[in-house]
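Everything on this sheet refers to the single structure shown next.
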Amino acid sequence: MNGMAVAILDYNAGNVTSVAHAVRRLGFDAKITADHDTIRAAEHVIFPGVGAAATCMRVVKERGLDVALREAVDAGTPVFGICVGMQLLFEHSEEDGGVDCIGLLPGRVRKFELDDPALKVPHMGWNPVLFAKGEPLANDLVGAADTACYFVHSYYCDPDPSVEVIATADHGHPFAVGVRKDNLVALQCHPEKSGPVGMSILSSFLGGN
Amino acid sequence: MAVLKRVIVCLDVRRGQVTKGIKFQGNVDLGDPVEYAVRYDEQGVDELVFYDITASAEERNLFLDVVESVAASIRIPFSVGGGIDSLDSMRDVLLAGAEKVSLNSPAVRNPALLTEGAEAFGAQCVVLGVDAKKVEPTSEIPSGYEVVIQGGRTPTGRDVVQWVTEAESRGAGEVCLNAIDTDGVRDGYELDLTRMVADAVRIPVIASGGGGEPSHLTDAVTTGGADAALVASMVHYGDYTIDQIKAEMAADGVPVRLTS
């Protein structure tokens, strides 16, 4: 298993290096790339992200990564969207006055509108994540005492009911932390920055789930 | 459940070594920053902060090397402060692998930097660092806490609460509030100061300066209303481990991430 190529999509997003570090620590060959042939050849594709939706989406389109992602999903390659990388998979985001996104998943991305002054936006820090029973990404977390993951975001995904929600957390209200559609999975939190829990999630993804 | 309270360790770095001073005077070198970072990650710390306390041009590259090595070695977020006074220097540490940058004196001198940083990298990347000194309340400084810069040496005549409020509106995504009177003294955080700032802004507040035992951290995030508490000496010298601190906070009813 080890040494297989993991394509980490390069579109100037903030956490690309961190994701590559985490993948390499698990013994995989991480390639930060926007090259379509490299992405096609990869055993796994990670679509990371930190940044503003409009800017991210512009670079994604410039580099044709929306096309590359669709192709990878259709080819059955395991694809993992993280944070903004998750949000851009949906149809539309409210950020930056409204941005049309890639649309691989039906649903919209909305801003946290929270009245309670104790609830901060951005939602930043560690928050317990509740994984759906049997969710492969959380295979090694069954029975874990603590499944808190690290979040940094002001917008959250509001998937269409047809999308399978695999993880939730609460910030003022419950929201979808994770979604899955066949070989496409995505998380709002940052597994690459979520300590042993995050490493376990990444390891499960790269292990073929 | 909601967002957990964070325990953050601050590592001052000088010439590639972790160092610790008391009230900004007299520093002792402690060891390799990467070794410290990995140890605290394994103990379950939620975040790390690295301060380049020399911030001289020739040592800047050495510090960036430290940031890169840390990024490759730990599994948690970290921020970097000290010597960051431009978009370019912010970009340098973010590209080296830091999640956030902390702006202190340069933000006071050039508040537009907060806005520029937030627009370029996102507000979540921009931490306002504030050194606060207790003074007699005046009409200029009604809170009784004055912003001081340059490692506490230079008073600014500005009120801490007003400055933090302004910084929030300019784009700061978080504030690290350091009480310089209690920094390194390990006798508890400035709870009045922390509470005033926490009540005044909606961005997360990190209490800093004075952590000496686990109950101090509990006080900071309950009485003080902080979202996180920062420690240094109480863990650097081995008096406590992060898991011990968090276990005591949890026993006091504080929601924290427990890794063991």
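Here, each number is a calculation from the coordinates, and none is a lab measurement. Note that this is a predicted model, so its numbers are computed, not measured. A quick note on method: Cβ atoms are made from the backbone with ideal geometry, for glycine too, and the neighbour counts reach across all protein chains shown.
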(message) I want to verify a result. In a Gaussian network model of chain B, Cα cutoff 10 Å, which of these has the top mean-square fluctuation: B:G97, B:G144, B:G26?
(response) B:G26
(message) Suppose each label sits 7 Å from its Cα in the direction of the beta carbon; what would the B:R202-B:A247 distance come out to in nanometres?
(response) 4.0
(message) Given 20 °C and 1.002 mPa s, compute D for chain B with the Stokes-Einstein relation, Rh being the Kirkwood radius over Cα pairs; round to the nearest whole µm²/s.
(response) 119
(message) Would chain A count as rounded, prolate or oblate if I go by the C-alpha gyration tensor, calling it rounded below 1.5 in a/c and otherwise prolate when a/b exceeds b/c, oblate otherwise?
(response) oblate
(request) Can you figure out the FRET efficiency of B:S139 with B:L87, using R₀ = 51 Å and their beta-carbon distance, to the nearest 0.05? (result) 0.90
(request) Just name one of B:L177, B:Q43, B:A226: the one whose Cα is farthest towards the positive end of the charge dipole of the stretch B:6-251 (beta-carbon charges, Lys/Arg +1, Asp/Glu -1). (result) B:L177
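Give, in nm to one decimal, the length gained when the segment between B:D29 and B:V185 is fully stretched (0.36 nm per residue of separation minus the Cα-Cα distance).
54.4 nm
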(message) Charges on Cβ only, +1 for Lys and Arg, -1 for Asp and Glu, centred on the Cα centroid of the protein assembly as shown; of A:G49, A:N139, A:G76, which one is farthest towards the dipole's positive end?
(response) A:G76
(request) Pull out a ≥ b ≥ c, the square roots of the eigenvalues of the alpha-carbon gyration tensor of the protein assembly as shown, then state rounded if a/c is under 1.5, prolate if not and a/b is larger than b/c, and oblate in the remaining case. (result) prolate
(message) Checking the cross-link filter: which lysines have an alpha carbon closer than 19 Å to that of A:K31, excluding same-chain neighbours under 8 positions apart?
(response) A:K193
(message) Just to be sure I understand: of the beta bridges DSSP finds with both ends in the protein assembly as shown, what percent are antiparallel, rounded to 5?
(response) 45
(message) Take A:K111 and B:R153, extend 7 Å from each Cα along the Cα→Cβ direction, and tell me the distance between the two endpoints in nm.
(response) 4.3
(request) Output the pairs from A:K111/A:K133; A:K120/B:K20; B:K5/B:K246; B:K100/B:K246 with a Cα-Cα distance over 21 Å in this structure; if there are none, say none. (result) A:K111/A:K133; A:K120/B:K20; B:K100/B:K246
(request) Enumerate cysteines in chain A without a disulfide-compatible partner, where compatibility requires another Cys Cβ under 4.7 angstrom. (result) A:C56, A:C83, A:C101, A:C157
(request) Could you please report the charge total around B:E35, scoring K, R as +1 and D, E as -1 over all other residues with beta-carbon less than 12 angstrom from its beta-carbon? (result) -2
(request) Please figure out what share of the DSSP beta bridges in the stretch B:28-147 is antiparallel and state it in percent, rounded to the nearest 5. (result) 25
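What is the antiparallel percent of DSSP beta bridges lying wholly in the stretch A:5-206, to the nearest 5?
60
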(message) Using the Cα centre of the protein assembly as shown as origin and beta-carbon charges of +1 (Lys, Arg) and -1 (Asp, Glu), tell me which of B:G122, A:I102, B:A167 is placed farthest towards the positive end of the dipole.
(response) A:I102
(request) Could you work out the local net charge near A:C56, counting Lys and Arg as +1, Asp and Glu as -1, over the other residues with Cβ closer than 13 Å to its Cβ? (result) -3
(request) Please compute the net charge surrounding B:E136, taking Lys and Arg as +1 and Asp and Glu as -1 over other residues with Cβ under 13 Å from its Cβ. (result) -1
(request) Might you report the magnitude of the Cβ-based charge dipole of the protein assembly as shown about its Cα centre, with Lys and Arg at +1 and Asp and Glu at -1, to the nearest 20 debye? (result) 340
(message) Modelling each spin label as a point 7 Å along the Cα-to-Cβ direction, I'd like the A:A5/A:R24 distance in nm, to one decimal.
(response) 1.7
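Can you tell me the dipole magnitude for the stretch A:7-104 around its Cα centre, using point charges on the Cβ only (Lys, Arg +1; Asp, Glu -1), in Debye to the nearest 20?
360
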(request) Counting only C-alpha contacts under 8 Å and six or more residues apart, can you give the relative contact order of chain B as a whole percent? (result) 18
